[in-house]
Each structure stands twice: as structure tokens, then as C-alpha cells.
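Data first, discussion second: the structure below is written as C-alpha cells.
The values are calculated or read from the model by the stated rules, or taken from the named source; none is laboratory data. As the structure is a prediction and not an experimental result, all values here were calculated from the model. A quick note on method: Cβ atoms are made from the backbone with ideal geometry, for glycine too, and the neighbour counts reach across all protein chains shown. SASA here: full protein model, heavy atoms, side chains in, ligands and nucleic acids out. Shrake-Rupley method; radii C 1.70, N 1.55, O 1.52, S 1.80 Å.
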Amino acid sequence: RILWIANPSGTEPGFGDLWRGGFPQTDVPDDPAEPYPGGMFIGPSPLMCEGNLYVATQGGSMYRIDSDTGEVVWSFATGNEVESTAVVGGGRLAFGSIDEHLYVLDADTGELRWAADVGEDTLASPSMLAGRVFSSDKEGDVFCYDVENGEERWVSNLGSTVTTSTSFGAGGQR
């Protein structure tokens, strides 16, 4: 399948429509699908995982959309814009917000499992490895939390702004 999300009207953030498309790669149309009902302005890159599209908005919400039907399965509101792309692992969805929180939701239901107040905006996308979620903030702190219970495992300050995501090599090697 080929999926896309765009703001074809070119209007200001918050006033555009979410357009969606989903087509077999052999049947790509010339024009986009009809606008998504309700319209929303997309913040970071969407995440496609197991037939679901996880979409964050600059309005401060995270949505799970069924990629086959286009139906919203659930939505979760934060306290401010979501600027980080989500990550899914072990049935959990993690993402940061500029409301100074790292959120971990149940990926199937959208239920909040836990939220960590990191004290600064989280702009970079989190990552997951071996039951841990890693995140950073704009003040240079890198955090490691237990993905299941939100227990902080460690924090380290790098001495300057962190706006890039953490990543791991093949087999979890750093």
C-alpha cells in the first residue's frame, strides 16, 4: 500500500484538511482521495505499524487511524503540540510533546500507561530497545525509562540542545 498525508489547501497550520490515500502500489490514482473529515494539521511524520497509522497533530493530539478504512480508532490529547514522531514496541506507543512530557500509551486502545514530566520540551522522537524507552529534551538531557511502568532508569545531560532522535544499530548495538 502507498499512504500519504498532505495539506493540499496550503492554508495556515490548524486550518488545513488532512488528506489521505491508500492504494495498492499497482493502482496509484492521479488525484488524492477526498479530504479527511474534520481536518487537522499534521505535525511530525506519521508512523505506519501493523495496519495502523499513528498521526500526531500540532493541535496536541495523537490519533490511531485504520489504514484500510481511514477510520479513527482512538485519539489522545496532550497539553500542547506534538512535534516528535511516535515509536511502537511491545504494544506500547511512545512520543513526546512540547508540554514537557514523554507519553506512553497502549498502542491498541490509546489508554495512557504513564507520562513523565521531563521539565522541558521534547522535540526529538523517542526510541525503544529491550523494554526501555529513550528520549531527550531541548536542554540536553537524555532519559531512559522502563517502558512498562515509567520508572526513570537514568538521565544524562549532554551539555547542549538535543533535537535528534536516539537510534540503535543492528541487534540493538549502540
Binned at 10 Å starting from 0, the alpha-carbon pair-distance distribution of region 94-173 in whole percents comes out as 20, 54, 24, 2
Under the Karplus curve 6.51 cos²θ - 1.76 cosθ + 1.60, θ = phi - 60°, whole-Hz ³J(HN,Hα) for region 124-129, x wherever Gly or Pro sits | 7, 6, x, 9, 10, 7
Take peptides 81-88, 106-113 and line them up by average Cβ neighbours within 10 Å, highest first, as a rough protection proxy.
-> 81-88, 106-113
Taking only protein heavy atoms into account and a 1.4 Å probe, give the accessible area per residue of region 105-174 in Å².
-> 53
If contacts are Cα pairs under 8 angstrom and at least 6 residues apart, what is the relative contact order of region 62-151 in percent?
-> 21
Surface share of carbon and sulfur [accessible, 1.4 angstrom probe, percent] for region 46-152 | 41
In debye to the nearest 20, the charge dipole size for region 38-174, taken about the Cα centre with +1 at each Lys and Arg Cβ and -1 at each Asp and Glu Cβ, equals 400
